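The values are calculated or read from the model by the stated rules, or taken from the named source; none is laboratory data. Since this is a predicted model, take the numbers as computed values, not measurements. As a convention, Cβ positions derive from the backbone with ideal geometry for all residues, glycine included, and neighbour counts pool all protein chains shown.
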Amino acid sequence: MNIPMNQTAAKVATTYNAVADNFDAQALSFWDRCGHRTIELLNPVRDSRILDVGCGSGASALCAARRIGPKGYVEAIDVAEKLLGLGRRKAESEGLSNIAFQYGDMTNLPYADNSFDYVVSVFSIFFADDIVAQLNEFRRVLRRDGTIAVTTWGNDMFEPGSSYFWEAVQSVNPGSKPSHNPWERLTNARAIRRLTDAASLLPTTIQCEQSQQILNDAEDWWTICLGSGYRGVVDSLSRSDREKVKGECLESIRHNRVGAISTSAIFTLMKNAPDKMRDRSCNLPHTKLGAKAKPGITGRTMMRTNKPSNMIVVVLSVLLISTLWRLRSGARL
Ligand SMILES: C[S@@+](CC[C@H](N)C(=O)[O-])C[C@H]1O[C@@H](n2cnc3c(N)ncnc32)[C@H](O)[C@@H]1O
């Protein structure tokens with residue numbers, strides 16, 4: 001099913017085909033961990049139909065397929081054929097027949113409207129140039145009462161490893177660090193809330209969870225660079241610069257005795273907004289999603305539900321209690 005790809009997707013495909021040699025290494029077990037956590041929070045019902053976009057080698061898709069049972073169905077799509085191949089082999093070795101790994105560009109989904117009960121995107125939505133348009137595309141293929149699960153990075157992705165990586169890259173190639181990376185558009189609950197408002201979706205959960213990936217040795221950090229989006233930068237360097245960057249990264253990890261990097265993530269579940277709310281959000285001013293992430297998602301977990309009337313109930317309760325209190329103590333009102 002080869003469909004024309006936009007320029008961004010073509011670039012991403014080159015990077016993620018290259019990472020296939022390291023993607024499933026033990027040092028990158030956070031893909032599995034976060035994929036499983038996404039499906040745990042989504043809690044799909046048995047026999048349902050799920051679309052997993054940007055599925056990689058199948059962390060969330062395989063977990064979903066096990067969970068929904070043999071009568072359910074998972075369609076897992078990606079633009080990186082090599083990762084799809086890894087996913088197919090895992091499904092085969094597990095004997096899972098309710099999942100298909102297909103080539104497909106998430107910005108132009110090859111499915112009819114209202115085809116799926118759930119749409120899942122783990123660490124992939126931010127690769128779309130226009131994230132609101134991407135959410136609208138997810139919604140198009142989702143049933144009216146379906147749920148979208150989107151998982152994104154927290155604001156300290158891979159730190160302190162990330163800082164060491166960019167310092168090393170800058171030392172061989174000054175000015176090469178991009179002003180911001182695609183995932184930095186969605187690293188806090190407020191940015192996600194602006195996104196769901198702009199797409200007229202109702203977030204039922206925005207949960208920020210801190211987690212770390214243990215490094216058994218400094219080499220683990222380099223394996224992560226080779227098995228993640230940083231691979232695109234590594235492969236753009238000359239062989240000697242690549243060796244220098246690797247050496248500097250390992251030296252920083254060892255010198256600072258770094259034993260883990262951050263893999264904190266934000267898990268968001270969203271549904272179609274009721275028609276009344278959709279009409280209202282259509283009138284919202286255009287929201288900018290490129291805002292720089294603010295530090296501060298440091299709580300272990302944080303739950304947001306969309307109940308705007310909660311504040312009114314709290315204020316009225318406080319007023320009522322204070323009035324009763326004053327009456328009881330004989331104060332004049
Ligand atoms: C960071 S990886 C995450 C993979 C997987 N969801 C996981 O968590 O293990 C991002 C994935 O999104 C895919 N991707 C990016 N842009 C895409 C697009 N336009 N259409 C389909 N897949 C895309 C990449 O090829 C890559 O496999």
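Could you tell me whether region 152-160 includes any residue that is at pLDDT 95 or above and over 30 Å from H255 (Cβ atoms)?
Yes, that holds for at least one residue.
Out of all the residues in region 21-35, which are within 10 Å of the ligand (Cβ to nearest atom) and either surrounded by fewer than 16 Cβ atoms within 10 Å (Cβ to Cβ) or modelled with pLDDT under 95 (or both)? Spell out how you get there, then give the answer.
Keep residues of region 21-35 that are within 10 Å of the ligand (Cβ to nearest atom), which gives 23-24, 28, 30-35.
Scanning region 21-35 gives a single hit, R33.
I'd like the full set of residues that are outside any helix (DSSP H, G or I) and surrounded by fewer than 24 Cβ atoms within 10 Å (Cβ to Cβ), limited to region 45-69.
Residues of region 45-69 that are outside any helix (DSSP H, G or I), as a first pass: 45-58, 69.
Passing the criteria: V45, R46, D47, S48, R49, G69.
What number of residues within region 65-109 are within 22 Å of E40 (Cβ to Cβ), within 16 Å of the ligand (Cβ to nearest atom) and aromatic (F, W, Y)?
1
Considering region 198-213 alone, what residues qualify as being within 14 Å of F30 (Cα to Cα) and either in a helix (DSSP H, G or I) or touching a helix residue (DSSP H, G or I) at 6+ places or on another chain (Cβ under 8 Å) (or both)?
Residues satisfying the conditions are E209, S211, Q213.
Between a first residue in region 160-177 that is free of Cβ contacts under 8 Å to residues at least 12 places away in the same chain and surrounded by fewer than 16 Cβ atoms within 10 Å (Cβ to Cβ) and a second residue that is part of a helix (DSSP H, G or I) and of a type in the set (S, T, N, Q), which pairs have beta carbons less than 7 Å apart while being 6 or more apart in sequence or on different chains?
Matching pairs, first to second residue: K177/Q170.
How many residues are surrounded by 16 or more Cβ atoms within 10 Å (Cβ to Cβ) and within 16 Å of the ligand (Cβ to nearest atom) if we restrict to region 221-246?
Total satisfying the criteria: 11.
Here are F123, F158: which of them is within 30 Å of G69 (Cα to Cα) and not aliphatic (A, V, I, L, M)? Before you say what the answer is, go through the steps one by one.
Values: F158 fails: within 30 Å of G69 (Cα to Cα).
Every option except F123 fails the conditions.
Just checking, how many residues over region 248-281 are at pLDDT below 95 and closer than 30 Å to I39 by Cβ? Before the answer, list the steps.
Going residue by residue through region 248-281, those that are at pLDDT below 95 are 272-281.
From what's left, closer than 30 Å to I39 by Cβ: 272-275, 277-278, 281.
Going through region 248-281 one residue at a time, the tally reaches 7.
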